[in-house]
1. Within the stretch 1-68, what whole-number % of the accessible surface is contributed by carbon and sulfur, with the 1.4 Å probe and all protein chains included in the calculation?
2. Arrange the peptides 8-14, 57-63 so that the one whose residues have, on average, the most other Cβ atoms within 10 Å appears first.
3. If you filter the stretch 1-62 for chymotrypsin sites (Phe, Trp or Tyr not before Pro), then keep DSSP loop positions with at most 14 other Cβ within 10 Å, what is left?
4. Could you run the Karplus curve 6.51 cos²θ - 1.76 cosθ + 1.60 with θ = phi - 60° over the stretch 16-27 and give me ³J(HN,Hα) per residue in whole Hz, x for Gly and Pro?
Amino acid sequence: MDVSEAQHIDAVRARLYRRNPDLHPYVVDETIDTALGRFDGCPIRDFVPLLVERAATRALDTSPIRSPRTEHQPAAPM
């Protein structure tokens, strides 16, 4: 991965961290790395960051780790 691609992937990470504050950063990183690995060996790299972001976003949006019922709801009083 060249410097420019690495910078773009770092920007993707930052966007997905902000978009998924309820997920541990490790989960986001693993999802991005998995999506990025799908493009290993591809000679044309121009659109890899965009494709990685789309694939990771889809995977995170449908993640079983995320609980739709508890998102954005206040904690129950003790």
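1. Values: 2610 of 4500 Å².
Looking at the stretch 1-68 in its full context, I get 58 percent from C and S.
2. Details: 8-14: 15.9, 57-63: 14.0.
Per-residue Cβ counts within 10 Å, averaged per peptide and sorted highest first, yield 8-14, 57-63.
3. Values: sites: TYR17, TYR26, PHE39, PHE47; in loops: PHE39, PHE47.
Sparse-neighbourhood loop chymotrypsin sites (Phe, Trp or Tyr not before Pro): PHE47.
4. 6, 4, 5, 6, 10, x, 7, 9, 5, x, 4, 5
The values are calculated or read from the model by the stated rules, or taken from the named source; none is laboratory data. Since the model is a prediction, treat every value here as computed from it, not as a measurement. Don't worry about glycine lacking a Cβ; one is built from the backbone with ideal geometry, like all the others, and counts go over all protein chains shown. All accessible areas refer to the heavy atoms of the entire protein, side chains included, with ligands and DNA or RNA removed. Shrake-Rupley method; radii C 1.70, N 1.55, O 1.52, S 1.80 Å.
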